[in-house]
Amino acid sequence: MTAATATAREARPLPMARLRPGRIVTWTVLFIGGVLMVTPLLFMFSTSLKDAGQIYDLRLIPKEPTLANYFEVLGDGRFLRWFLNSSLVAIAVTLSNVFFDSLVGYTLAKFRFRGRQFIFLAILSTLMIPTEMLVIPWYLMSANFGWLDTYWGIMFPGMMTAFGTFLMKQFFETVPDDFLEAARIDGLNEFAIWWRVAMPLVTPALSALAIFTFLGNWTAFFWPLIVTTSSELYTLPIGLTSFAVEQAIRWEMIMTGAALATIPTLIVFLLLQRYIVRGVMLAGLKG
């Protein structure tokens, strides 16, 4: 093959993919679903740029956009306190889940001991218990230990989860035992093997667990509403509710606060998107 022939083949336009009816229907449905999901988010950001006189104007692009709402919300010290509370709770619970769920999952996946399957089934059985049924035991525990209206009272129910344990166990089972045996021969103890050998091999699962835990605790409303009574400990969802009541339901302020609360979740998702998608795909294959 001459150089001229090769160049001509490379320059030849690639044939366009056929637009099959099934593909058209699929993309149309996905497009409509995407629009339905994104429109409320766009409307929230749009409303945050409107003043009180434009609230009931349903156009997505405000006639006279303004940033006054953001300056007012950010200038309110309570909002910053609620933001910090949500950040503290979400980050602490996420780190706890990543540590304890992976540690228990590794133990159940790589150690053989009597009652291992029973313990695993007992952990999974808690997934079938509705959260509403656990609220009373959680509240009684908080009252008995003096955890009401404290950060620890908000965080302790989610410090370790059955879902995270199950997810990490499934991934640790894919780690070859030969790697662990080689580390034992090199003189590493079991904790070092878990931390230095096994953990780096399940990064997609850790990322997926971290993002799910962070989002769940960042948007948590029911339990923080029950366990907290002072506004200094309110998280963002609770704080925005009280702020709305106190401000006589100023929707532009509510939307502005919600928009600011959404930004961290979007940033976390964008940073970890690749690992999240990979982790969910691998978890589906494992299932």
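No value in this document is a laboratory result; all are computed from the given coordinates. Bear in mind the structure is a predicted one, so any value in this text is a computation, not a measurement. Counting neighbours? That spans all protein chains shown, and the Cβs are built from the backbone with ideal geometry, glycine included.
Can you find, among Pro224, Leu49, Ile61, the residue sitting farthest towards the positive end of the charge dipole of the chain, where Lys and Arg contribute +1 and Asp and Glu -1 at Cβ?
The residue sitting farthest along the positive end of the dipole is Ile61.
Which of the aspartates and glutamates could be linked to Lys63 by a straight reach, that is with a Cα gap under 18 Å, when you skip same-chain ones fewer than 8 residues away?
Partners found: Asp51, Glu252.
In nm, give the distance between the simple-model label positions of Leu88 and Phe113, each being 7 Å from the Cα along the Cα-to-Cβ direction.
Once both label points are built, they end up 3.5 nm from each other.
Report the one residue of Val135, Leu266, Ala183 whose Cα lies farthest in the direction of the positive end of the charge dipole of the chain (charges on C-beta: Lys and Arg +1, Asp and Glu -1; origin at the Cα centre).
Ala183
Have a look at Pro176, Pro62, Pro157 and tell me which one the Gaussian network model of the chain (Cα, springs below 10 Å) gives the largest fluctuation.
Highest fluctuation among the options: Pro176.
Given contacts defined as C-alpha pairs under 8 Å and at least six residues apart, what's the relative contact order of segment 76-286, whole-number percent?
Contact order relative to length: 34 percent.
What is the dipole size for segment 150-272, taken about its Cα centre, with +1 at each Lys and Arg Cβ and -1 at each Asp and Glu Cβ, in debye to the nearest 20?
Dipole size: approximately 280 debye.
Note the listed values (1) 25.1, 85; (2) 19.2, 58; (3) 20.8, 68, then indicate which one is Rg and Dmax of the Cα atoms in Å calculated from this particular structure.
Of the labelled values, this structure produces (1).
Taking 8 Å as the Cα distance limit and 6 or more residues as the minimum spacing, I'd like the relative contact order of segment 90-165 as a percentage.
62
Could you work out how much longer the chain between Leu58 and Thr131 gets when fully extended? Use 0.36 nm per residue separation minus the Cα distance between them, nm to one decimal.
22.6 nm
Would you mind working out the magnitude of the charge dipole of the chain relative to its Cα centre, with +1 at each Lys and Arg C-beta and -1 at each Asp and Glu C-beta, to the nearest 20 Debye?
1180
I need the helices of the chain that pass two filters: whole DSSP H segments spanning 18 Å or more by Cα along the axis, and mean Kyte-Doolittle score no lower than 1.0.
Values: long enough: 21-48 (41 Å, 1.39); 77-110 (49 Å, 0.87); 131-145 (21 Å, 0.83); 203-218 (22 Å, 1.14); 251-286 (45 Å, 1.27).
What comes out of the filter, once short or polar helices are dropped, is 21-48, 203-218, 251-286.
With the chain treated as a Gaussian network of Cα nodes joined by springs under 10 Å, which of Leu271, Leu121, Leu30 yields the largest mean-square fluctuation?
Maximum fluctuation in the GNM of the chain, among the listed residues, is at Leu30.
With charges set only on the Cβ (+1 for Lys and Arg, -1 for Asp and Glu), what does the dipole of segment 24-82 come to about its Cα centre, in debye to the nearest 20?
120
Taking only DSSP H segments of four or more residues, each worth -39500 (n - 2.57), what value at 222 nm results for the chain once the sum is divided by all its residues, to the nearest 500 deg cm²/dmol?
Roughly -22500 deg cm²/dmol at 222 nm, from the helical runs in the chain.
Under 17 Å between alpha carbons, and skipping anything fewer than 8 positions from Lys110 in its own chain: which aspartates and glutamates qualify?
The reachable aspartates and glutamates, counting only those whose Cα sits under 17 Å from Lys110, are Asp101, Glu173, Asp177, Asp178, Glu181, Glu190.
Under 19 Å from a label point 7 Å along Cα→Cβ of Asn144: give me every residue in segment 210-230 with its amide N that close.
227
If neighbour count is taken as other Cβ atoms inside 10 Å, put Thr150, Thr161 in order from fewest to most. Don't jump to the answer; show the numbers that get you there.
Numbers: Thr150 16, Thr161 22.
Lowest to highest Cβ neighbour count: Thr150, Thr161.
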